[in-house]
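Written below as structure tokens is the structure these notes are about.
The values are calculated or read from the model by the stated rules, or taken from the named source; none is laboratory data. All values reported here derive from a predicted model rather than from experimental measurement. Cβ coordinates were reconstructed from backbone atoms using ideal geometry, including for glycine residues, and neighbour counts include every protein chain displayed. Just the protein is used for accessible areas: all its heavy atoms, side chains included, with ligands, DNA and RNA removed. Shrake-Rupley method; radii C 1.70, N 1.55, O 1.52, S 1.80 Å.
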Amino acid sequence: MKYLFGPVQSRRLGRSLGIDLFPERKICNLHCIYCEVGPTGTLASRRALYTPTEEILAELDAFCADPANLAPIDVLTVTAKGEPTLHLGLGDILCHVRRLAAKPVAVLTNGTTLTRDDVRGELRWADIVIPSLDSVREESFTAVDRPAPGLDLTEIIDGLTVFSHEYAGKLWLEILLVRGLNDSDADMDALLSALARMRLDRIQLNTVVRPPAEPFAQPLSRERLEAIAQMLHGYLAVPVDLPHASPDGEPAPGLGDAPKVQAASRHEAVERIIQMVRRRPCTAVDIERVFQLGGPEQVEQLLAPLVDSGILHQREHGRQRYYH
């Protein structure tokens, strides 16, 4: 399908069926240096009908018509190559999903549009909203997130604060730290002060794990990340999740086993892998965890012809090889 992909194993959400509102090009109001999707193709702040909403609804109808398709899925996740709340059909999509599937619905957003009443109203249909806030200091925000002209950081923080108290679902805030750019003690002090005003259920603390849009975006050390996590947890009294602990990409403890995706044929497995790595770079270990193809070596053998033909590319990052 064009808009639906997965299920993929998410460390945050479990077995997630993705709903990609912008599969063809990245449309966003930020140009984050760490983005694993790559550079922003269309830097835009205006809400518009960027994708035919009826096509997304038709794919959802076709998928959900068979209960067996939904059985292995823990959550349906609305995302995009870019910022999904820029799409004017978001509210219709969320309402449609809630009617079709008795599964939780999550939305991933960069949080910049929560300044708008209409966006906050549409997001009330989601069970889980995961916004981002990487910095509350203008200099750091500009360096890391590279916003479109006209975005005001103070308004963004205020919008997120208002939403946190209006919204009745689960609110998990993601914070991504880049070494030397938004991880200073001054950054952390300002962040704690801003977050203290918000109602948060969880914090997803992250750093540059996958190949970023800009090669100069570097991850924090594990020790620094853990120290910041302890500080956030102690000050805000909410759970703080960290990225994968080990360099080989093994999931953090307690997240459960990945689903075994049964592909009817070699061709189907390849097609589904292509759809997955279109959304984010993956290692052979990542792919094996989802598709259970007999080991990372088997994954590499399966994908070698696609690399040779230029359909897939490989990139080294953090002593690992990613497919994209």
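General observations
- Verdict on Pro23 being open to solvent by less than 10 Å² (accessible area, probe 1.4 Å) and either in a strand (DSSP E or B) or over 14 Å from Thr109 (Cα atoms) (or both): yes
- Only listed residue being modelled with pLDDT of 75 or more, on the phi > 0 side of the Ramachandran plot and not hydroxyl-bearing (Ser, Thr, Tyr), chosen from Ala237, Ala284: Ala237
- Within the range 130-144, considering residues that are among the β-branched types (Val, Ile, Thr) and not in a strand (DSSP E or B), the one surrounded by the fewest Cβ atoms within 10 Å (Cβ to Cβ): Thr142
- Within the range 145-159, the set of residues being within 15 Å of Glu83 (Cα to Cα) and outside any loop (DSSP other than H, G, I, E, B) comprises Asp145, Pro147, Ile156.
- Close pairs from the range 228-242: first closer than 10 Å to Leu205 by Cβ, partner of a type outside the set (A, V, I, L, M), Cβ under 6 Å, at least 6 apart: Val240/His233; Asp241/Gln204
- Some residue of the range 89-96 being among the acidic types (Asp, Glu) and assigned to a helix (DSSP H, G or I): yes
- Taken over the range 286-324, residues that are open to solvent by 30 Å² or more (accessible area, probe 1.4 Å), touching a strand residue (DSSP E or B) at 6+ places or on another chain (Cβ under 8 Å) and either of a type in the set (Val, Ile, Thr) or farther than 23 Å from Pro212 by Cβ (or both) amount to 1.
- Positions within the range 145-172 being in contact (Cβ under 8 Å) with a residue 60 or more places away in the chain, surrounded by 14 or more Cβ atoms within 10 Å (Cβ to Cβ) and of a type outside the set (D, E, K, R), in sequence order: Pro147, Ala148, Leu151, Trp172
- Candidate set from the range 34-57 (those that are more than 29 Å from Asn182 (Cβ to Cβ) and acidic (Asp, Glu)); member that is most open to solvent (accessible area, probe 1.4 Å): Glu54
- When the residues of the range 52-78 are filtered to those that are at pLDDT below 95 and touching a Phe, Trp or Tyr at 6+ places or on another chain (Cβ under 9 Å), the one that is nearest to Arg12 (Cα to Cα) is Leu70.
- Subset of the range 58-73 (residues that are aliphatic (A, V, I, L, M), surrounded by 13 or more Cβ atoms within 10 Å (Cβ to Cβ) and free of Cβ contacts under 8 Å to residues at least 12 places away in the same chain): Ala58
- Whichever residue in the range 199-227 is open to solvent by 20 Å² or more (accessible area, probe 1.4 Å) and among the hydrophobic types (A, V, I, L, M, F, W, C) and, among such residues, is nearest to the chain's Cα centre (by Cα): Val209
- With respect to the conditions (1) surrounded by fewer than 15 Cβ atoms within 10 Å (Cβ to Cβ); (2) touching a residue at least 24 places away in the same chain (Cβ under 8 Å); (3) not hydroxyl-bearing (Ser, Thr, Tyr), Asp183 falls short on a single one, namely (1).
- Restricting attention to the range 1-23, the residues being closer than 19 Å to Pro281 by Cβ and either aromatic (Phe, Trp, Tyr) or free of Cβ contacts under 8 Å to residues at least 24 places away in the same chain (or both) number 2.
- Among the residues of the range 110-124, the ones that are of a type in the set (D, E, K, R) and farther than 18 Å from Ala48 by Cβ come to 2 in all.
- Breaking point among (1) modelled with pLDDT under 90; (2) assigned to a strand (DSSP E or B); (3) on the phi < 0 side of the Ramachandran plot, for Gly18: (1)
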